[in-house]
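To keep things clear, I will list the structure first and then write my remarks on it.
The values are calculated or read from the model by the stated rules, or taken from the named source; none is laboratory data. Please read all numbers here as calculations on a predicted model, not as lab measurements. So basically every Cβ, Gly included, is an ideal-geometry build from the backbone, and we count neighbours across all protein chains shown. The area values use the complete protein model at the heavy-atom level, side chains included, leaving out ligands, DNA and RNA. Shrake-Rupley method; radii C 1.70, N 1.55, O 1.52, S 1.80 Å.
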Amino acid sequence: MSALIYTVFANRADARAVSARLLDEKLVACANLLGSIEAMFEWEGERGEGEEFAVLFKTHEARLDDAVARLETLHPYDTPVILGWRAEAQGAATADWLAGLTG
């Protein structure tokens, strides 16, 4: 089964560097650098906003927990938002590809 991980970075350079590490370590098979997004958020009791860089990682479900844990150690934020979930459905070719690279 496939799994996805979503996070954001302060800039493209950080997103690319961390994505490359996760790919090198075979924890993910793909990193979709989604680009610049506008963020509005609550943090430490105050409203904030800014620009961030979103990334969606694709992996095999067997690697999800390891990939999330490693991403948390590599991420430059003190408290990064990292969300991972198992996909309920995927194409057979996608499942085979992810299992072959990360499973």
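Looking across segment 57-67, just one residue is open to solvent by 40 Å² or more (accessible area, probe 1.4 Å) and under 10 Å from the mean Cα position of the chain (by Cα), and that is LYS58.
Evaluated against (1) in a strand (DSSP E or B); (2) in contact (Cβ under 8 Å) with a residue 60 or more places away in the chain, GLU49 falls short on exactly one condition, (2).
Go through segment 74-90 residue by residue and tally those that are within 23 Å of GLU42 (Cα to Cα) and not small (Gly, Ala, Ser).
Summing the residues that are within 23 Å of GLU42 (Cα to Cα) and not small (Gly, Ala, Ser) in segment 74-90 gives 9.
GLU51 falls short on exactly one of the conditions (1) modelled with pLDDT under 95; (2) open to solvent by 70 Å² or more (accessible area, probe 1.4 Å), and that condition is (1). Picking from residues in segment 13-46 that are assigned to a strand (DSSP E or B) and free of Cβ contacts under 8 Å to residues at least 12 places away in the same chain, the one that is least open to solvent (accessible area, probe 1.4 Å) is PHE41.
Scanning segment 68-99 for residues that are small (Gly, Ala, Ser) and under 13 Å from the mean Cα position of the chain (by Cα), we see that the one that is farthest from LEU34 (Cα to Cα) is ALA69.
Of the residues making up segment 74-103, those that are open to solvent by 70 Å² or more (accessible area, probe 1.4 Å) and among the aliphatic types (A, V, I, L, M) number 6.
The single condition from (1) over 11 Å from the mean Cα position of the chain (by Cα); (2) modelled with pLDDT of 95 or more that THR102 fails is (2).
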